[in-house]
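Asks: Below you will find the structure I want to go over with you.
The values are calculated or read from the model by the stated rules, or taken from the named source; none is laboratory data. As the structure is a prediction and not an experimental result, all values here were calculated from the model. Every residue, glycine as well, gets a Cβ built from its backbone with ideal geometry; the counts of neighbours run over all protein chains shown. Note: areas computed on protein heavy atoms with side chains; ligands, DNA, RNA excluded. Shrake-Rupley method; radii C 1.70, N 1.55, O 1.52, S 1.80 Å.
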Number of protein chains: 2
Amino acid sequence: MNFLNKIWSIFQVKFKTSEQIESIKAYEPGKPISELEREYGIKESVKLASNENPLGHSAKVIDAVKEHLYTMNRYPDPRGHNLTQSLAKKYKVKSENIVIGNGSDEIIALLANAFLGTGEEALMPLPSFLMYEICVQIAKGTPVMVPLKNYKIDFDKTLEKVNKKTRMIFLTNPFNPTGSVFTTPEFLKFAQKVPDNVLIIVDEAYIEFVKDDSVFNSLENPLTDNRIVTLRTFSKAYGLAGFRLGYGVMDREVAQILHKIRPPFNVNSLAQAAGLAALNDIEFLNKSVDFILEQMSFIKTELDKMGIAYHPTHSNFLMINVEKEATQVFNDLLKLGVIIKSMRSYGFNNWVRVNAGTKKENETFIKALKKVL
Amino acid sequence: MNFLNKIWSIFQVKFKTSEQIESIKAYEPGKPISELEREYGIKESVKLASNENPLGHSAKVIDAVKEHLYTMNRYPDPRGHNLTQSLAKKYKVKSENIVIGNGSDEIIALLANAFLGTGEEALMPLPSFLMYEICVQIAKGTPVMVPLKNYKIDFDKTLEKVNKKTRMIFLTNPFNPTGSVFTTPEFLKFAQKVPDNVLIIVDEAYIEFVKDDSVFNSLENPLTDNRIVTLRTFSKAYGLAGFRLGYGVMDREVAQILHKIRPPFNVNSLAQAAGLAALNDIEFLNKSVDFILEQMSFIKTELDKMGIAYHPTHSNFLMINVEKEATQVFNDLLKLGVIIKSMRSYGFNNWVRVNAGTKKENETFIKALKKVL
């Protein structure tokens, strides 16, 4: 050990991280029920914070998991052959256009790591899913935030911020947390003006809940534009959040680069089996979407009766204007055993986000909200 | 679209990746049985390529999974509370010292992303687990390779390559693929000379198979040195490869940084449940290790009889000198339905690696090897 090192240890110099890493904001995941109940000593709490499917998931998922349960000493199929083939068939693309991930957030990280050089820019709405920003910072890229306009993505401002350093643009449709959407003409007008070497990443985590045909759906005619990367997840409408499974649909060459840098066994075996089973149970998917939209209507009707404002939504969640400190409302509801999400960290200080639960859960939420407001 | 962009599209300029990404080597995972059987049209093949546990996994894992199977619509516990607590208790550390990951390769990636600035250096043995190199390159760091000496990690040469840019050193014990180990005195002598601001990452994926007390085990007295990061996995001795579960034990401040940059739901719910169950079934673990070491003896004895050289090993795998092109031997064995790993990509052109399987599998392998050589 030389003299310099001794000095270091005296001053307890920490292991050095970059400025980018230092500046990363902590993502606050919706509290799991087990943790909340542990902390607050309550039971039978209701969680409407993470936009999960209140109906659970397809019964076929159970069978698929049980079938694989005795060979879990084996590594997963590194390419997810069966699941990828099924997805390709569904969207009329080739399997070489699909990359599956440990949740779609892994695909976000892979895209940032693959295509952002140090200081190169990724545009994204402000606020949006914090993982876009975190992944860009980890990749040593620069996140460039474009504030929403009337709770919607501001395409004009986004185009203004495109420059030579721009490598990718994140879009979310429907938008989380406001529930807003963009239409096909809006998207096409925008995309036309984006340079050919910039990836347009369209996160469609909630697209299964959209019933309006004018809303842009990037997989209706996939791969007509090699800049478009579609992100999809099994965590929401399919009800597989616990398994961790998402995927991207993209140009073959983009996919090849992601395959090159992804961990070889990134998606666990049961997620692959569960995803395949869920994909084949359209009946459960449709039933879920219908039920959830029905429950969204119930919540909206109740809020209307109470004279509480919310943002029009095309998804399974709703952003509500509680007209007081969101953290307070969050904490008050927590004490009544209802977990929702404060929108404070998104910059909406007086708003909370809630997703549709079961009929009983939604009634409990409405009752609790009445008490709290 | 401006003129320059039109030019770009004419010349089909691809989405730009960095030189680091361009230079990443493809990791070749051991072929899954399903893929091999698909490709070669064979059945009942034997896979001894991925150092998996031939006995499967604890029966308690099955029960644990079944118990969680009906709430998989919920996101996983983001902190892995129960599993982390159990690990902390086992190693007599605090849960704040533990980070669980989607396989231990995720912890490798997190460490590289957290602590490597652009061009900063990570030392590692050559050859070694390709994920070290890939993760360092993705983090825009510089991998610095230190060739093995007599099939062992060369501590002297490693120290020679330490400089002001060095941020971390990867060590593997037992070493994959040679099966060599280092002792506690060897490690301590080395660590003493490593600067205080350099992380020493000790990958102990195969440590459960070591029966020799002189071999270094970083969790015997954990956290006495805040530079040491221990990597462990549930994929090998515990037989949970399909679930994807690994973890790191490290200084609290190092762990905090990894928590900050990791995806919030990185470890799926069933992996958390399975890991907890496996951890509590010491009987199965011991039975597995005993069985596997017994089978290693069988393979060695047979190779001795055949006059075939192999490297002394402290693990569940063996590197064999086939004295001819490894790729050829790999392909010939493949045709006989036996999957092993060619060591060509590790620079050992005439060596293959094989792990202990069931008694029947090992007999099949020995028979096939006799035919092929």
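Asks: Filter the range A:138-187 down to the residues that are open to solvent by less than 10 Å² (accessible area, probe 1.4 Å) and of a type in the set (A, V, I, L, M), then identify the one that is farthest from A:S218 (Cα to Cα).
Replies: A:A139
Asks: Quick check on this structure: which one of B:A122, B:A112, B:A64, B:A49 is part of a helix (DSSP H, G or I) and under 30 Å from B:T313 (Cα atoms)?
Replies: Unique residue meeting the criteria: B:A112.
Asks: Let me ask you something else. Please work out if B:Y247 is in contact (Cβ under 8 Å) with a residue 24 or more places away in the chain and touching a strand residue (DSSP E or B) at 6+ places or on another chain (Cβ under 7 Å).
Replies: Spelling it out, B:Y247 is indeed in contact (Cβ under 8 Å) with a residue 24 or more places away in the chain and touching a strand residue (DSSP E or B) at 6+ places or on another chain (Cβ under 7 Å).
Asks: Still on this structure: Taking the options B:E253, B:E294, name whichever one is under 30 Å from A:E133 (Cα atoms) and of a type outside the set (A, V, I, L, M, F, W, C).
Replies: B:E253
Asks: Counting just the residues of the range A:19-71 that are over 23 Å from A:W351 (Cβ atoms) and among the small types (G, A, S), which one comes out farthest from the chain's Cα centre (by Cα)?
Replies: A:G41
Asks: In the set B:N266, B:N286, which member is open to solvent by 20 Å² or more (accessible area, probe 1.4 Å) and either more than 9 Å from every other protein chain (Cβ to nearest Cβ) or touching a residue at least 24 places away in the same chain (Cβ under 8 Å) (or both)?
Replies: Only one candidate passes the filter, namely B:N286.
Asks: Is it the case that the range B:15-28 has a residue that's under 29 Å from B:F330 (Cα atoms), assigned to a loop (DSSP other than H, G, I, E, B) and modelled with pLDDT of 80 or more?
Replies: No, the conditions are met nowhere in the range B:15-28.
Asks: Let me ask something additional. For the condition open to solvent by 30 Å² or more (accessible area, probe 1.4 Å) and under 19 Å from the mean Cα position of the chain (by Cα), what is the one hit in B:S345, B:S315?
Replies: None of the other options fit; the residue is B:S345.
Asks: How about the range B:120-137: which of its residues are within 11 Å of chain A (Cβ to nearest Cβ) and open to solvent by less than 20 Å² (accessible area, probe 1.4 Å)?
Replies: B:M131, B:I134, B:C135, B:Q137
Asks: Something else: Being in contact with an Asp or Glu (Cβ under 8 Å, 6 or more places away or on another chain) and in contact (Cβ under 8 Å) with a residue 12 or more places away in the chain is the requirement here; does A:S315 meet it?
Replies: no
Asks: Another question about this same structure. Being open to solvent by 10 Å² or more (accessible area, probe 1.4 Å), touching a Leu at 6+ places or on another chain (Cβ under 8 Å) and within 9 Å of chain B (Cβ to nearest Cβ) narrows it down to one of A:N82, A:N97, so name that one.
Replies: A:N82
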